[in-house]
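What follows is a short report on a single structure.
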Amino acid sequence: YNYLIYGTLLGSQLFDSFIVGPVAFKKLTKENFSTLQSNLFPYYFGIQAVAPIGIALTTPFKLSSAVASYVSLALVSVLGLSNQFLIYPVTNKLVAERQFLSESLNSDPNSKELLAKYEKADKTFKRIHGLSMFMNLVSIIATIVYGL
């Protein structure tokens with residue numbers, strides 16, 4: 001079971017991060033991409049949070065000889081939980097705020113106040129999203145470390 005769970009975790013990380021995400025971003029409208037991601041991320045982050053526990057419980061290594069492996073699995077799980085329950089809700093709120101402000105700007109394109117609010121929300125979104133992407137990359141590296 002260890003290899004099956006590990007393969008599912010690493011495969012989903014690589015497939016979502018380097019194939020689904022980039023292709024969907026290029027091929028879908030911004031609204032459809034946002035809808036797709038908001039429906040996929042709960043599952044993706046859930047896999048990141050739970051799979052390391054299953055891997056740890058089925059690992060063929062003895063705990064004393066594989067401390068680094070368990071630390072890397074714990075890191076993956078903590079990052080998955082953090083993305084799921086901290087980062088994801090904030091980014092969803094910011095996406096909705098940017099969408100609302102963008103629509104408001106379309107109806108009132110000369111509003112400096114709306115533009116300032118949109119730019120602030122956009123900057124915050126990009127910062128939080130960048131953090132999430134960094135956490136995802138660290139999670140992928142930690143998953144690979146376990147496999148070494």
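The values are calculated or read from the model by the stated rules, or taken from the named source; none is laboratory data. None of these values were measured; they are calculated from a predicted model. Reconstructed Cβ throughout: ideal geometry from the backbone, glycine too, with neighbour counts over all protein chains shown. Accessible surface areas use protein heavy atoms only, side chains included; no ligands, DNA or RNA. Shrake-Rupley method; radii C 1.70, N 1.55, O 1.52, S 1.80 Å.
Pop out the carbon and sulfur fraction of the accessible area of the chain as a percent, whole number, probe 1.4 Å.
The computed percentage sits at 69.
What is the stretch 8-148's relative contact order, in percent, from Cα pairs under 8 angstrom and six or more apart in sequence?
This gives 31 percent for the stretch 8-148.
Work out how much length LEU40 to LEU131 would gain on full extension: take 0.36 nm times their residue separation and subtract the Cα-Cα distance, in nm to one decimal.
Length gained between LEU40 and LEU131: 30.9 nm.
Return the lysines within reach of LYS120: Cα separation strictly under 18 angstrom, same-chain partners fewer than 8 residues apart disregarded; answer none if there are no such residues.
Candidates past the 8-residue exclusion: LYS93, LYS112.
Only residues of the stretch 116-148 count here: report those whose backbone N is under 20 Å from the spot 7 Å along Cα→Cβ of PHE85, or say none.
From the stretch 116-148, the list is 132-133, 135-136, 139.
Quick check for you: with a 1.4 Å probe and neighbouring chains kept, what is the accessible area per residue of the chain, in Å²?
On a per-residue basis, the chain sits at 63 Å².
If I compute Cα extents along the principal axes in Å from the structure I just sent, which labelled value in [x] 65, 26, 18; [y] 39, 35, 28; [z] 51, 44, 40 lines up?
[x]
Calculated FRET efficiency, THR58 and VAL78, Cβ-Cβ r, R0 22 Å, to nearest 0.05?
0.65
Rounding to the nearest 10 and keeping the result within 0 to 90°, find how far the Cα-based axis of helix 2-15 lies from the longest principal axis of the chain.
Approximately 20 degrees, to the nearest 10.
Aspartates and glutamates within cross-link reach of LYS26: Cα-Cα under 17 Å, excluding same-chain residues under 8 positions apart?
ASP16
Once the Cα atoms of helix 30-58 and of the chain are each reduced to a long axis, what angle between those two axes, in degrees from 0 to 90 to the nearest 10, is obtained?
In the chain, helix 30-58 runs at an angle near 20 degrees to the longest axis.
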